[in-house]
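The values are calculated or read from the model by the stated rules, or taken from the named source; none is laboratory data. Keep in mind that this is a model prediction, so the values were computed, not measured. For neighbour counting, all protein chains shown are included, and Cβ atoms are generated from backbone atoms with ideal geometry for every residue, glycine included. Side chains included, ligands, DNA and RNA excluded: accessible areas come from the protein's heavy atoms. Shrake-Rupley method; radii C 1.70, N 1.55, O 1.52, S 1.80 Å.
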Amino acid sequence: MQNKIEYHLADMTDILGLEVDTLKGLSSAPKYLLSKYFYDDTGSSIFQEITKMPGYYLTRSEQEIFENQKEQITDSIIPDNPRFDLLELGSGDGSKTKVLLKQLVQKRSDFKYIPVDISPKANSDLESELKKEIPSLQISPLTGDFFALKNSGNISSNTRKVILFLGSNIGNFTEPEIDLFFTQLYDLCRKGDKILIGFDLKKSPEIIMNAYNDTSGLTRKFNLNHLARLNRELEADFDLSKFEHHTTYNPVSGYLKSYLISREAQTVTIKSLGHRFVFSRWEPLFMELSRKFDLPSIERIASGHGFSVEKNFTDQKNWFADSLWVRT
Ligand code: AVJ
């Protein structure tokens, strides 16, 4: 019963957030939608398919780092004081993390794994799978927005913490969002606590473009599903055939940006918002930022927020970095 009530509340705050953010984004100039709303059940499964595409190198690169360097990585995250909480933000299906978890369990380190995800389904699936695969793992998942949970007393402030933020999810953040995120992480951590963050690195623009501009049309489908979600959940009437998918990459800023472009002048009605939105011909709707980084900018972000870079774990091609930071 308790669970049922919690899930219901989570659904309501979700819908409210989606409504408010959609109204705000579509009323702005230029128009935008927030990329966190890609991940309803359909969107999450399209993203899973994307990670298996030949051109989408990110997941494979990070997996390679974890598999080839699991000894070094776990050695450097296990604190001197052996008991610790391992928090993962946006754990999703946890497939990459599994490699590290197995290694940590094998080393008999005394830790509790706390995956934090906005999706209750992702969380319960992950919990039952891990209980089967790694029976001795102590796991207690948290559902919801990480920083709301922090204030709810679910996260102990006394235990040593290691925090994982993988998969280049950080690439979705604008500069002010990066500031806010690391300021909050700084407050959550104590001196000596560590965070491991996945950054997609700058590389040949061709390779980057291919990861998001795939000929299979999956990334296009992923973007259009956001509109389909608004049709389903907010009673909108987006005609998906009237939008085309376009991406740009700026090698100076490292900003890969995704848009849906309105092919014609059109009006979209969103019933649950009681609003109509006018698109002119070729008007862009900004969908997502997938920022690419370089090691100096990673250094700068760390030191600018009270952390120091202890080590960067990279793949053989130097396409991706899992950067280990210590709270100073
Ligand atoms: C899950 C945010 C890391 O930006 O590469 C994949 C999402 N968007 N293809 C990324 C995504 C289009 C992905 N992240």
message: Take the conditions within 21 Å of Met287 (Cα to Cα), surrounded by fewer than 14 Cβ atoms within 10 Å (Cβ to Cβ) and either modelled with pLDDT of 95 or more or touching a Cys at 6+ places or on another chain (Cβ under 9 Å) (or both) and apply them to Ile170. Does it pass?
response: no
Residue that is surrounded by the most Cβ atoms within 10 Å (Cβ to Cβ) [pool: residues in the stretch 186-220 that are in contact (Cβ under 8 Å) with a residue 40 or more places away in the chain and charged (D, E, K, R)]: Asp200
query: Considering the stretch 173-185 alone, what residues qualify as being crowded, with 20+ Cβ neighbours inside 10 Å and within 15 Å of the chain's Cα centre (by Cα)?
result: Phe182
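Restricting to the stretch 235-260, what's the tally of residues that are away from the ligand (no atom under 16 Å from the Cβ), among the β-branched types (Val, Ile, Thr) and either open to solvent by less than 70 Å² (accessible area, probe 1.4 Å) or closer than 15 Å to Tyr32 by Cβ (or both)?
Looking only at the stretch 235-260, we keep the residues that are away from the ligand (no atom under 16 Å from the Cβ), and these are 235-242, 251-252.
Within this subset, residues satisfying the condition of being among the β-branched types (Val, Ile, Thr) are 252.
Retained after the next criterion (residues that are either open to solvent by less than 70 Å² (accessible area, probe 1.4 Å) or closer than 15 Å to Tyr32 by Cβ (or both)): none.
Residues that pass the stated criteria total 0.
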- request: Please verify whether the stretch 320-328 includes one or more residues that are assigned to a strand (DSSP E or B), buried (at least 17 other Cβ atoms within 10 Å of the Cβ) and touching a Cys at 6+ places or on another chain (Cβ under 8 Å).
  value: yes
- request: Filter the stretch 177-227 down to residues that are assigned to a helix (DSSP H, G or I), within 15 Å of the ligand (Cβ to nearest atom) and closer than 22 Å to Lys311 by Cβ, then give me how many there are.
  value: 2
message: Whether any residue in the stretch 266-282 is of a type in the set (A, V, I, L, M), over 14 Å from Ser323 (Cβ atoms), modelled with pLDDT of 95 or more and in contact with a Pro (Cβ under 8 Å, 6 or more places away or on another chain) is what I want to check.
response: no
field: Positions within the stretch 261-280 being surrounded by fewer than 19 Cβ atoms within 10 Å (Cβ to Cβ) and of a type in the set (S, T, N, Q), in sequence order
entry: Gln266, Thr267, Thr269, Ser272, Ser280
- request: Could you please give the count of residues in the stretch 19-54 that are in a loop (DSSP other than H, G, I, E, B) and either near the ligand (Cβ under 10 Å from one of its atoms) or under 16 Å from the mean Cα position of the chain (by Cα) (or both)?
  value: 5
- request: Answer yes or no: is there a residue in the stretch 273-295 that is away from the ligand (no atom under 16 Å from the Cβ), part of a helix (DSSP H, G or I) and closer than 27 Å to Gln63 by Cα.
  value: yes
task: Report yes if Leu87 is of a type outside the set (Asp, Glu), touching an Asp or Glu at 6+ places or on another chain (Cβ under 7 Å), touching a residue at least 12 places away in the same chain (Cβ under 8 Å) and buried (at least 21 other Cβ atoms within 10 Å of the Cβ), otherwise no.
output: no
